[in-house]
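Some notes on the structure that comes next.
The values are calculated or read from the model by the stated rules, or taken from the named source; none is laboratory data. Everything numeric in this text was worked out from a predicted model, so none of it was measured. Quick reminder, even Gly has a Cβ in these numbers, built from the backbone with ideal geometry, and neighbours come from all protein chains shown. Note: accessible area is taken over every heavy atom of the protein model, side chains too, but ligands, DNA and RNA are not part of it. Shrake-Rupley method; radii C 1.70, N 1.55, O 1.52, S 1.80 Å.
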Amino acid sequence: MPTVSAHVAAALSGHIDHVFGVMGNGNAYFLDALERSTDVGFTAVRHEAGGVVAADAYHRAGGGLAGATATYGAGFTNTLTALAEAVQAHVPLVLVVGDEPTSGPRPWDVDQIALASAVGARTYTVGRTDAAATTIIAIEHALTYRVPTVLAIPYDVAAIEAGPVPEPPTPRLPEPLAPAGAFARVAVRELATLLSESPRPFLLAGRGAWIAGAGEALGELAELTGAITAGTALGRGVFPRSEFDLGVTGGFGAEEAMELVREADVAVVFGASLNQFTMRFGDLFAPGTKVFQVDIAPAATHPNVGGYIRGDAAVVARLLVEELRVQRAWSAQWRVDIDIEALRAYALGDAAAADGRLDPRSVAARIGGLLPENRVVVSDGGHFIGWANMYWPVASPDRIMMVGTAFQSIGLGFASVPGAALAKPDATIVLTTGDGGGLMALADLESAVRVAAGRGLAVVWNDAAYGAEVNLYGLKGLAKEPMLIPEVDFAAVARGFGAEGVVVRTLDDLDRLAEWVRMPASDRPFLLLDCRISGSVIAPYQQEIIRVNS
Ligand SMILES: Cc1ncc(C[n+]2csc(CCOP(=O)(O)OP(=O)(O)O)c2C)c(N)n1
Ligand SMILES: [Mg+2]
């Protein structure tokens, strides 16, 4: 007879292909049922945070909804940082955990519902008779609100026989949000009129535009208006015509491209939250630019926004296109007269910095030129995030992700690799990480090497320091000792996990990457490049933060 845990597994299997996690007493029956009676794949990771991170990365890389699992107590508390990240980054996933028995907590139990709630995640607890239906509610909540949910199985309920698995209900998901009411209709029409008369229109897409599938409609809108376009760090490559696209905006943006944004007279932002980094701390748009935001948030999310239209990015973009067709707008010419590709260029570095270590800009540029096109870049957090974001072109938002940056956490990099690898099974997965975050995440180097194998490449920006802290506080004169890390031989560490490790001290050492790229994935090992870079070259986005903080 199926158990309550089997009911959970069966209901999940209708909506989830993959679960990542670590087993323990609290999820043993669930994992047994998942393995024996469903087609859901289970991938073991080595730290529970990694289970949530991998499920998160799986979703961001276009794999759909994924599950994570951990045992009760310490297994669950190990997930909290990754759970907070998924909440803040708006990534749906279902975390299946063991929980205290219904009879009350044991000495090793903690109030898991309160802990999940404290980081913004809702818990659904299954009972003896409603496990399948409750599982569907947890899925529905995750997908509707684009958040992680926790599905808790009390310890004394997990193995109870629950009878044949019922046909679970289908999750009910809302339609894309359309601008509602006469007020919104007029706002759309007026924005269309403004765009049709604008000599220098600018359109910016964020991750919300990608999730909404707005690319085609936004492409038409750009054609009809003659707009120059760009993406946020999470919304790159949404617009179909790259020759009119300035690439990434915000701190990672190329200086001259960002100057051009300030020349726009009308700017419309689709599906972007306009955080301080995207907005260059208020300087992205010039004071005279009329800024409009289209988003599903209840109201505008930045004070520089002058007009707000609440709605799904694709729905509103299509409405604007229809309106412009009716109005027979003329198309602005400014994008035709400008060499946009030239504006997207970044400074090339030197071969070595003054201290003799590598200049990260030249390392990044060389690696960027060698990477295979079909790739997904997963990034940990730290000063180094600028290098991949500036020097490695991104085709679409599901091909670069920074799991950890919404919550400003480091140490979630290695575990992102298995998630992305399973979501895009033909792609090369490229991890970009610092030495500090890399050491924090090290347990899941094992998962990364095992799952991605010859499709996996890790680039470690090894500056023997918590570089971001040196830049923000060391340069202010604070004690440097806590900011330094003894230089770790990551290449040797990688060999211990079954990968190939290469210490990169000169640009010529990157020739190994050129060879590796030419080999079939099945014939090559996971490759880790331990790049010994100088901490003296500070990325422009970080200089901006230093300026704002000083
Ligand atoms: C979990 C966590 N601990 C500490 C921090 C503070 N922090 C932010 S960046 C950073 C340095 C990261 O060092 P590394 O990974 O080597 O990258 P680098 O800055 O040197 O490029 C630290 C410690 C954080 N953001 N998250
Ligand atoms: Mg470092």
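Here the accessible area of the chain is 53 percent carbon and sulfur, with a 1.4 angstrom probe and all protein chains present. Per-residue ellipticity at 222 nm computed for the chain from its helices equals -10000 deg cm²/dmol, with DSSP H segments shorter than 4 residues left out and the rest contributing -39,500 (n - 2.57).
When each of the peptides 91-100, 272-281 is scored by the mean number of other C-beta atoms lying within 10 Å of its residues, the order from highest to lowest reads 91-100, 272-281.
What is the distance in Å between the Cα centroid of the range 34-49 and that of the range 479-506? Taking the Cα centre of the range 479-506 as reference, the centre of the range 34-49 is 30 Å away.
Between the range 313-382 and the range 441-462, the alpha-carbon centres lie 27 Å apart.
Close amide H partners of Gly501, meaning residues 5 or more places away or on another chain with modelled amide H under 5 Å apart, are Arg495, Leu528.
Assuming charge only on the beta carbon of Lys and Arg (+1) and of Asp and Glu (-1), the dipole of the range 182-274 about its Cα centre is about 380 debye to the nearest 20.
If I take R0 = 56 Å and measure r between the Cβ atoms of Glu256 and Ala133 in this structure, what FRET efficiency does the formula 1/(1 + (r/R0)^6) give, to the nearest 0.05?
On the way: r = 57 Å, r/R0 = 1.01.
For R0 = 56 Å, the calculated efficiency reads 0.50.
Using Cβ point charges alone (K and R +1, D and E -1), the dipole size of the range 373-468 about the Cα centre works out to roughly 200 debye.
Work through the residues other than Ile211 whose Cβ is under 15 Å from its Cβ and net out their charges, Lys, Arg +1 and Asp, Glu -1. Working shown, then result.
Details: positive: Arg60, Arg146, Arg207, Arg236, Arg399; negative: Asp56, Glu175, Glu216, Asp295, Asp312, Asp398.
Taking every Cβ under 15 Å from that of Ile211, the sum is -1.
For the pair the range 212-277 / the range 76-120, the C-alpha centres are spaced 37 Å from each other. Remark on Gly226: its backbone amide H falls under 5 Å from those of Ala332, a criterion applied only to residues 5 or more positions apart or on other chains, H modelled at 1.01 Å from N. In the chain, the C-alpha radius of gyration followed by the widest Cα-Cα span (Dmax) gives 24.3, 73 angstrom.
For the chain, what is the charge dipole size about the Cα centre, in debye to the nearest 20, if Lys and Arg each add +1 at the Cβ and Asp and Glu each add -1 at the Cβ? Before the final figure, lay out each step's value.
Values: 40 positive and 60 negative charges, 118 e Å.
About 560 debye.
Applying the criteria of a DSSP loop state and at most 15 other Cβ atoms within 10 Å to the GluC sites (Glu not before Pro) of the range 464-503 yields Glu487. Peptide packing: for 40-46, 69-75, the average count of neighbouring Cβ atoms within 10 Å per residue gives the ranking 69-75, 40-46, highest mean first. Quick one: go through the range 148-172 and flag any residue whose amide nitrogen is under 13 Å from the point 7 Å out along the Cα-to-Cβ line of Ala118. None, by backbone N distance to the label point.
Backbone amide hydrogens, once placed in the peptide plane, bring Asp156 within less than 5 Å of Thr102, excluding anything fewer than 5 places away on its chain.
For the chain, what relative contact order do you get, as a whole percent, if you take Cα pairs closer than 8 Å and at least 6 residues apart? Present the calculation step by step, with values, prior to reporting the outcome.
On the way: 1278 pairs, mean separation 73.6, N = 550.
It comes to 13 percent, rounded to a whole number.
Computed as a quarter of the hull surface, the mean projected area of the alpha carbon convex hull for the range 1-113 stands at 7.1 nm².
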